[in-house]
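Below is one structure, written out as structure tokens, with a few remarks after it.
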Protein chains: 2
Amino acid sequence: MIVHSVIFTLKHPAGSSAEAKFLTDALVLTQIHGVQHFERLRQISPKNEFDFGFSMQFADAAAYQRYDEHPIHVEFVRDRWVPEVAKFLEIDYEAL
Amino acid sequence: MIVHSVIFTLKHPAGSSAEAKFLTDALVLTQIHGVQHFERLRQISPKNEFDFGFSMQFADAAAYQRYDEHPIHVEFVRDRWVPEVAKFLEIDYEAL
């Protein structure tokens, strides 16, 4: 099982309708087969510069790859992530 | 509920006994009252420079603060984390 997450900061002002729309529209990713336990999170540590997080689980690397290549994901990255996200860091976990 | 996590890289060589010992000894943190769902993780994304992660949950900010100030945590940070960890990033999540 792989936990894929990304911490990020949006270009939109905090509390703006554009921010809310981005966070709502990201739920489109849950339509991709293989995405489990999708969570939208607020990053609250003052020890890093990111405001939000998305987290999801995949059964295995093949499911992760299918997500990565899925048109819904590719279009979300192209049309929403790239233009609206100021900075981000991806983190992937497997159990030790 | 707060999910507290830290991604990190050890000074020890990959696969070394010192690495294994650090990851085992970190389980001492689970003795601290309020620490829930403690996980030791391997960070596998090539898109960041960290090798491992620890993740745990706290019921609220007060439980998190008690952990942070607990002698077991303070001593682990002083005696193991600072001398053995090369770099790290802390991340704290709340549900949106």
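When A:HIS4, B:HIS37 are arranged by Cβ crowding within 10 Å, least crowded first, meaning fewest neighbours, the order is B:HIS37, A:HIS4. For chain A, the relative contact order comes to 48 percent (Cα pairs under 8 Å, sequence separation of at least 6).
Going by how many other beta carbons lie within 10 Å of each one, how would you line up B:VAL85, B:VAL77, fewest first?
Listing B:VAL85, B:VAL77 from fewest to most nearby Cβ atoms yields B:VAL77, B:VAL85.
Among A:LEU27, A:LEU10, a tally of other beta-carbon atoms within 10 Å of each Cβ gives an order, fewest to most, of A:LEU27, A:LEU10. Sorted from closest to farthest, the other copies place their A:PRO46 label points 3.8 nm away, with each point set 7 Å from Cα along Cα→Cβ. Maximal additional length on extending the B:SER17-B:ASN48 stretch stands at 8.7 nm, based on 0.36 nm per residue less the C-alpha distance. For the stretch B:2-93, the direction-averaged projected area of the alpha-carbon convex hull comes to 5.7 nm².
With the label put 7 angstrom out from Cα along the Cα-to-Cβ vector, B:LEU23 ends up 3.5 nm from the copy partners, going from closest to farthest.
Quickly estimate the mean residue ellipticity at 222 nm for the protein assembly as shown, helices only: each DSSP H run with n ≥ 4 gives -39500 (n - 2.57), and the total goes over all residues, rounded to 500. Using -39500 (n - 2.57) per qualifying helix, the result is -6500 deg cm²/dmol. With label points set 7 Å from Cα along Cα→Cβ, the inter-copy distances at B:PHE88 are 2.7 nm, sorted shortest first. About its Cα centre, the stretch A:2-93 has a charge dipole of approximately 240 debye under the convention of +1 per Lys or Arg Cβ and -1 per Asp or Glu Cβ, with nothing else charged.
Every number in this text was worked out from the coordinates using simple rules, so none of it is lab data. Since this is a predicted model, take the numbers as computed values, not measurements. Cβ sites come from the backbone with ideal geometry, for glycine too, and all protein chains shown count toward neighbours.
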